[in-house]
Amino acid sequence: MIIEILSAGLIISACLAIFFEEAVYSVAALAGAFFLTALIFTLSGALYVAIFQFAVGVGTLAVLFLSGEMLSERSNKKTPLKGVVAVLFLGSLLSLPGIFYSIPMTTATGYGISFEESLWTFRAPDVVLQGLVMMTVAVGIAIILHERKKGER
């Protein structure tokens, strides 16, 4: 039941990360999503995957926070509470199938290896792609900041 609650929180925080217009709030919601993902991996017994997910999440958040602060313009427009409540309701609604139709965790996969081992072994393409996305975002931000600095001279 705990994993289902964390999954619902994960879906809601991901919806909030997309909904918020202010970069700081969006990054904070994304931080919640990364943290909840690491907790789900930990409770599933994949501790090393959880640590790696948390480390990648912290790096991604640092890049997104810095770029959001440097590249976005300040807005005096506040996010309406009615919209936040609607997104919370929508996220809760989206998480209902995961809560009621959860698949029981087994200790071994169909190939005779544990869930933790299969997750860590078969996740290599995902890890490489996450690193590639982080690098691409960092290079793109560096180019934008360089062009902005060159344009100010």
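The values are calculated or read from the model by the stated rules, or taken from the named source; none is laboratory data. Keep in mind the model is a prediction, meaning the values are calculated, not measured. Cβ sites come from the backbone with ideal geometry, for glycine too, and all protein chains shown count toward neighbours.
Brief remarks follow.
- Residue list for the stretch 1-45, filter: of a type outside the set (A, V, I, L, M), closer than 17 Å to residue 62 by Cβ and modelled with pLDDT under 85: 25, 26
- Per the listing 99, 113, the residue uniquely more than 28 Å from residue 55 (Cβ to Cβ), modelled with pLDDT under 75 and out of contact with any Cys (no Cβ under 6 Å at 6 or more places or on another chain) is 99.
- Matching residues, the stretch 27-67, being surrounded by 19 or more Cβ atoms within 10 Å (Cβ to Cβ), among the polar types (S, T, N, Q) and in contact (Cβ under 8 Å) with a residue 40 or more places away in the chain: 60, 67
- Filtering the stretch 12-26 to residues that are over 8 Å from the mean Cα position of the chain (by Cα) and either assigned to a helix (DSSP H, G or I) or crowded, with 18+ Cβ neighbours inside 10 Å (or both) leaves 12, 13, 15, 16, 17, 18, 19, 20, 23, 24, 25, 26.
- Of all residues in the stretch 134-153, those that are within 24 Å of residue 54 (Cβ to Cβ) and surrounded by 10 or more Cβ atoms within 10 Å (Cβ to Cβ) have Cβ atoms under 9 Å from Cβ atoms of residues that are modelled with pLDDT of 75 or more and small (Gly, Ala, Ser), 6 or more apart or on another chain, in 134/59.
- Residues that are at pLDDT 75 or above and of a type in the set (Ser, Thr, Tyr) do not occur anywhere in the stretch 69-90.
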